[in-house]
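Inspection log for the structure reproduced underneath, given as structure tokens.
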């Protein structure tokens with residue numbers, strides 16, 4: 001539970017830190033000289049431009065389109081909204097900013113990544129342009145469509161604390177629903193992009209609620225752009241150093257760690273027993289499920305072990321500053337947890353509808369097949385003859401083959 005909480009926070013940490021820094025920076029903006037303040041007013045555009053370049057270069061269309069929305073928001077803020085919301089144009093523009101930006105952030109968070117210049121990317125851009133055209137149409141023909149913004153601006157939430165907010169209740173409700181939908185997705189998937197979109201949503205809501213306060217929209221729109229740019233970099237780092245299937249750090253990350261290990265450490269090499277035969281019997285999809293299950297159990301290893309996917313069905317656990325005798329009990333825990341786990345496999349004739357499946361089970365007509373796998377583990381530690389990490393890995397690999405030759409499903413030194 002603690003490890004999962006740390007992983008969740010690591011995804012949200014950049015957003016939380018940058019939002020706190022944005023709040024702390026507000027008093028300092030007021031103390032800037034006029035030339036410095038002019039530069040500060042340009043900073044959201046600069047950050048948005050940097051984020052657009054990054055997201056385009058890495059093919060992160062969802063972030064790219066949210067940054068376009070932020071650019072539009074800041075342009076409207078500088079052009080119309082600073083003068084107040086008494087006139088029809090700024091009032092309607094603000095209402096739809098508050099409503100549509102959270103809506104689109106939530107929607108983009110829950111669609112698959114399809115890039116920027118792809119067919120899906122162009123369709124998403126057209127969808128955003130259609131929304132913009134709709135708002136422009138309402139403003140242009142205000143006599144015929146004046147009731148539309150009135151409808152969306154009606155208060156209906158029975159909370160006195162939000163009565164002072166300039167944000168319409170409908171927009172607040174959309175933002176709150178979007179917040180929890182994205183938060184749930186972040187907790188399940190732990191995606192840096194999703195975490196960045198959540199931080200951007202919070203920053204936009206703060207900017208909307210503080211529209212009439214000096215420097216707040218400036219700071220929080222800039223923070224939203226920076227959060228999204230950082231999320232792209234974080235996601236790209238994960239792609240390079242994290243295995244996509246299992247979620248464990250990859251062999252590249254292991255190589256980086258090996259350069260920083262001290263004198264004392266223990267390395268364990270783990271391999272799924274008879275995995276090729278298992279794949280041939282049950283198929284690669286079930287084989288992927290097995291690797292995910294094994295990775296999850298290995299990821300929960302105690303004793304300060306740091307797990308990695310070495311390649312194929314082989315995994316590595318590094319125990320910094322630990323002796324072999326200390327880590328063997330923890331490796332035995334992992335081995336037993338995997339051997340005792342029963343993985344359910346959907347039977348080929350299983351009904352696609354859940355209700356039909358329940359009826360069949362109640363009638364006693366079979367269920368899903370369950371399978372289990374075992375792992376063999378070889379372990380080695382640094383000593384006078386094994387001083388380099390590569391040598392320790394080779395020794396652990398030899399111990400792994402000894403475990404397999406002795407019958408598998410065991411730890412060998």
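Computed from the coordinates by the stated procedures, all read-outs in this text should not be read as laboratory data. Model, not experiment: these values are computed from the prediction. Note that each Cβ is placed from the backbone with ideal geometry, even for glycine, and that neighbours are counted across all protein chains shown.
Listing 43, 412 from fewest to most neighbouring C-beta atoms within 10 Å gives 43, 412.
Highest GNM mean-square fluctuation among 88, 96, 159, for the chain modelled with Cα contacts below 10 Å: 159.
Of the listed values (1) 32; (2) 44; (3) 24, identify the label whose number matches percent of Cα pairs over 36 Å apart calculated from this model. Here percent of Cα pairs over 36 Å apart agrees with entry (2). Sorted from greatest to least, the principal axis extents spanned by the alpha carbons of region 251-412 come out as 65, 29, 25 Å.
Per-residue Cβ neighbour counts within 10 Å put 316, 246, 118 in the sequence 118, 246, 316, beginning with the fewest. Taking every DSSP helix (H) stretch of at least 4 residues in the chain, weighting each as -39,500 (n - 2.57) and dividing the sum by the residue count yields a mean residue ellipticity at 222 nm of -21500 deg cm²/dmol. The share of Cα pairs per 5 Å bin across region 195-249, counted from zero up to the longest distance, runs 4, 21, 20, 15, 13, 9, 8, 6, 3, 1 percent. What's the center-to-center distance, using Cα atoms, between region 282-329 and region 177-225 in Å? Region 282-329 and region 177-225 have Cα centres separated by 35 Å. A Gaussian network model of the chain, with springs between Cα atoms under 10 Å, assigns the largest mean-square fluctuation among 303, 196, 312 to 312.
Taking 42, 67, 108 in turn, the Gaussian network model of the chain (Cα-Cα springs below 10 Å) assigns the largest fluctuation to 42.
The Cα atoms of region 134-268 cover 75, 32, 31 Å along the three principal axes, with the biggest extent listed first. The residues 318, 66, when put in order of fewest to most other Cβ atoms within 10 Å, stand as 318, 66. Here, P(r) means the percent of Cα pairs in each 10 Å bin from 0 to the largest distance; for region 25-183 it is 9, 30, 36, 22, 3.
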